[in-house]
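Heads up, the thing below is written out as structure tokens.
The values are calculated or read from the model by the stated rules, or taken from the named source; none is laboratory data. These figures come from a predicted structure and were not determined experimentally. Because the Cβ atoms are built from the backbone with ideal geometry, glycine has one as well, and the counts that use them run over all protein chains shown. Ligands, DNA and RNA are excluded from the accessible area calculation, which covers all protein heavy atoms including side chains. Shrake-Rupley method; radii C 1.70, N 1.55, O 1.52, S 1.80 Å.
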Amino acid sequence: MTFSTTPSEEFDLKDYTRKSDLLSAIDSLLGSSTTGEGDIAGALDFVWDNTFQTTPSTRTSPDPERAVILVTSSTSSNISDSIAAADKIRTDYSADVFTIGVGSTVYTQNAELRGIASDPDANFTHFVDNFSDLWCAVPILVTKLGMIFSGKNRIDSQE
């Protein structure tokens, strides 16, 4: 999903069963942009309302592992709403929440992203200088997501 003033679902991961189709869908997002204020709380509320809603017939396990990766180059005007929305996702869906801040403004004003991210912050909060540097965070996130989804190790026990 993308978010700016209004969140929008670009595609649903469960719509793709083949890796190549998913990669094509992701590739189609290249060059897209958003405009507006960057309503982080609204985006997280959208995730809570739409993303993890499942019926028993579509679940692959009784308690599937879930993760949210929030990538933003802005901060919001109401940090407490953003943190509350992330807390609701963690509590209601047992989801881990990662944050990636893009740019120096987000890095210097990082209380919001650290509050949104699961604890400990050092394992769930990352920063890059610009969007073209996002590739640097991918190997780190893939490793951490693999640990979550394998169920063998929890990230929060890692240093």
**Study point:** Residue count, the range 111-152 (criterion: of a type in the set (S, T, N, Q), touching a residue at least 24 places away in the same chain (Cβ under 8 Å) and surrounded by fewer than 11 Cβ atoms within 10 Å (Cβ to Cβ))
**Key:** 1
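For the range 78-88, what are the residues that are in contact (Cβ under 8 Å) with a residue 40 or more places away in the chain and open to solvent by 70 Å² or more (accessible area, probe 1.4 Å)? Before you say what the answer is, go through the steps one by one.
Initial filter on the range 78-88 (in contact (Cβ under 8 Å) with a residue 40 or more places away in the chain): 81-82, 84-86, 88.
Once the filter is applied, which keeps residues that are in contact (Cβ under 8 Å) with a residue 40 or more places away in the chain and open to solvent by 70 Å² or more (accessible area, probe 1.4 Å), the range 78-88 yields D81, K88.
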Check your understanding: Can you tell me which residues in the range 76-123 are among the charged types (D, E, K, R), in contact with a Lys or Arg (Cβ under 8 Å, 6 or more places away or on another chain) and at pLDDT 90 or above?
Key -> D96
Practice item. List every residue pair whose Cβ atoms lie under 7 Å apart, where the two residues are 6 or more positions apart in sequence or sit on different chains, the first residue falls within the range 36-56 and is within 17 Å of T75 (Cβ to Cβ) and modelled with pLDDT under 70, and the second residue, located anywhere, is of a type outside the set (D, E) and open to solvent by less than 60 Å² (accessible area, probe 1.4 Å). Key: G36/S4; E37/S4
**Study point:** Pairs where the first residue, in the range 6-31, is farther than 30 Å from S76 by Cα and the second is in a helix (DSSP H, G or I) and modelled with pLDDT under 75, C-beta under 9 Å, 6+ apart
**Key:** L22/L13
